[in-house]
Structures are given as C-alpha cells and as structure tokens.
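The structure appears right after this line, and notes come after that.
Throughout, read-outs are computed from the coordinates displayed, never taken from laboratory work. These numbers come from a predicted model, not from an experiment. Positions of Cβ are generated from backbone atoms using ideal geometry, with glycine treated the same way; all protein chains shown enter the neighbour counts.
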Amino acid sequence: SAAAALGLLPLGKTQSPESLLDIAARKVAEKWPFQRVEERFERIPEPVQRRIVYWSFPRSEREICMYSSFNTGAEDPAAGPGGAAA
C-alpha cells in the first residue's frame with residue numbers, strides 16, 4: 001500500500017478504516033450513559049447496543065483502576081450503611 005511505502009505503517013501491516021457503526025457508537029457512549037439511551041429510544045438493534053456498551057467501558061488501565069476501586073466506608077467504624085457517618 002502507499003502508506004506502507006511511505007513508511008507510515010510497518011511493512012505487511014494495513015489499517016482498515018473504522019466502521020460508521022463504531023464511530024457512532026463511540027460518540028454516543030462518550031456523551032450519554034447507556035441507561036439513558038435505552039430509556040430514550042424504543043428499539044435499538046442488538047449490534048448497535050453491543051457496540052455502545054463496548055465503547056462505554058474505560059479504555060486505559062488508569063481509568064479502569066479508578067472506576068473499579070471505590071470506598072464503601074467499611075474502613076471507618078463510625079460510618080453507617082453506605083458510608084454515611086452516623
């Protein structure tokens with residue numbers, strides 16, 4: 001390909017353009033939570049739902065760690081249920 005010839009891509013590696021479905025699903029996932037999408041539209045085709053859900057999850061390891069670690073308040077003996085102080 002021309003890009004490989006110009007040294008933009010490693011030899012033997014080609015890059016496919018992103019599908020319109022992926023572009024649209026990523027933009028929706030960046031802007032709205034999936035729950036709001038489900039509430040707003042009556043019928044969403046399953047392939048579209050799967051791509052929106054895919055793009056809704058964080059991409060970087062730092063974001064995954066940030067969203068997966070949460071404080072339940074269990075470390076604080078004065079905290080009541082749900083982490084609220086008594």
Margin query: Could you give each residue of the stretch 16-23 its phi-based ³J(HN,Hα) in whole Hz, using Karplus coefficients 6.51, -1.76, 1.60 with θ = phi - 60°, and x for Gly or Pro?
Written below: 8, x, 5, 6, 4, 4, 5, 4
Next item on the list: Sticking with the crude label model, points 7 Å out along Cα→Cβ, report the distance from Q35 to S60 in nm, one decimal please.
Entry: 2.6
Next item on the list: May I ask you to evaluate 6.51 cos²θ - 1.76 cosθ + 1.60, the Karplus curve with θ = phi - 60°, for each residue of the stretch 62-69 and list the ³J(HN,Hα) values in order in whole Hz, giving x for glycine and proline?
Entry: 4, 5, 4, 4, 5, 7, 8, 9
Next item on the list: Specify whether the C-alpha gyration tensor of the stretch 20-69 places it in the rounded, prolate or oblate class, a ≥ b ≥ c being the square roots of the eigenvalues: rounded for a/c under 1.5, otherwise prolate if a/b is larger than b/c and oblate if not.
Entry: prolate
